[in-house]
Amino acid sequence: MTVTTAMIVDDEPLLRERLRSHLAHIWPELQLISDARNGLEALELFAQHSPDIVFLDIHMPGLNGIETARAMGRRAHVVFVTAYEQYAVQAFEQGALDYLVKPVDSARLADTVERLRTRKTAADALDTVLDQLAARFAQTTQPRPWMQWIKASVGTSVRLISVEQVHFLRAEEKYTLVVWEEGEALIRKSIRELSSELDPAWFVQIHRSVIVNLRSVREVVRGVNETAELHLRGHAEVLPVSRNYLHHFRQM
């Protein structure tokens, strides 16, 4: 459970102590850090502790409450506490959540606490959602571990074929034919499965039943009706490119 922290800023010790006592009774879970006697001291403590809530007197010598709130930059929920009601408009212009008039009434303070709790709960819920979205984004942006090896049966043995050595893969009924630098082999993975596991930067589909390794392509010969043929390095077979996949080679 997240602890909610608060700071009281007032140049009158008795009023600080009275507000602290009221808050301890109304909101016992609230953690109050050291009180501040003026605006400058408040900014120092704010920088050290980053409280969630600041109960801030407006009329103080030196840096007043309005100036102090402006310097805090809306990084906390601010409740102004003052005997001077004429400052109310300025207070809300600084993003104040509420405005309490001295002497603080316990029932009125309870209403303020309820508003603070509601606002804090909503902020925490938003932070949780944003954290979850950030985590999902981090997962989706991490490099995917593309397939590096293909396990294939060759005669009575099992070979591990580096995908870099593969020229192309072609669907053969219930199997897929793997053609690589040292020969051919059949595997039980479909073209659809392989297309999602091979790095698309190098392996592209050129036909509904064929995937080619771009590192093996020697040249692209364009044909009629938006078709083409691929000539490979180190392999004599010529692979036709169907119209639906020709876009892979428009810049080649």
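Compared with the direct C-alpha span, the chain from R233 to R215 gains 5.6 nm at full extension, assuming 0.36 nm per residue. First measure r as the distance between the Cβ atoms of Q132 and E197, then evaluate 1/(1 + (r/R0)^6) with R0 = 35 Å and state the FRET efficiency to the nearest 0.05. Computed FRET efficiency for Q132 and E197 comes out at 0.80. Modelled spin labels at S153 and R37, positioned 7 Å past Cα toward Cβ, are 8.8 nm from each other. For V241, the amide hydrogen comes within under 5 Å of the amide hydrogens of A228, E229, L230, counting only partners 5 or more places away or on other chains and with H modelled in the peptide plane. Of I26, I66, I58, the sequence from fewest to most neighbouring Cβ atoms within 10 angstrom is I26, I66, I58.
If you take the alpha carbon atoms of the stretch 161-252 and fit the smallest convex hull around them, that volume is 96 Å³ per residue.
Kindly provide the pair-distance distribution of the chain built from C-alpha pairs, with 5 Å bins from 0 and whole-percent values in order of increasing distance. Final binned percentages: 1, 5, 11, 12, 10, 6, 4, 3, 3, 2, 3, 4, 6, 8, 8, 7, 4, 2, 0.
Indicate, rounded to the nearest 5 percent, the antiparallel portion of the DSSP beta bridges found entirely in the chain. If we restrict to bridges inside the chain, about 70 percent are antiparallel. Charged neighbours of T68, selected by a Cβ distance under 10 Å, balance to -2 (K, R count +1; D, E count -1). At full extension, E17 and R188 could sit 53.8 nm farther apart than now, given 0.36 nm per residue minus the alpha carbon distance. Net charge of the neighbourhood of P51, taken over other residues with C-beta under 13 Å away and scored Lys/Arg +1, Asp/Glu -1, is -1.
Stretched out straight at 0.36 nm per residue, the stretch from E114 to E172 would grow longer than its current Cα-Cα span by 13.9 nm.
Counting only residues at least eight positions apart within a chain, or on another chain, the aspartates and glutamates with an alpha carbon under 15 Å from that of K189 are E172, E173, E197. Long hydrophobic helices in the chain, taken as whole DSSP H segments with a C-alpha length of 24 Å or more on their own axis and mean Kyte-Doolittle hydropathy at least -1.0: 106-141.
What does the charge count around I26 come to, taking other residues whose C-beta lies under 14 Å from its C-beta (Lys +1, Arg +1, Asp -1, Glu -1)? Result for the neighbourhood of I26: 0. Exposure proxy for H59, H167: other Cβ atoms within 10 Å of each Cβ, ordered fewest to most, give H59, H167.
Bear in mind that the values in this text are calculations on the coordinates, not laboratory data. All of these numbers come straight from a predicted model, not from anything done at the bench. Positions of Cβ are backbone-derived with ideal geometry, glycine not excepted, and every protein chain shown enters the neighbour counts.
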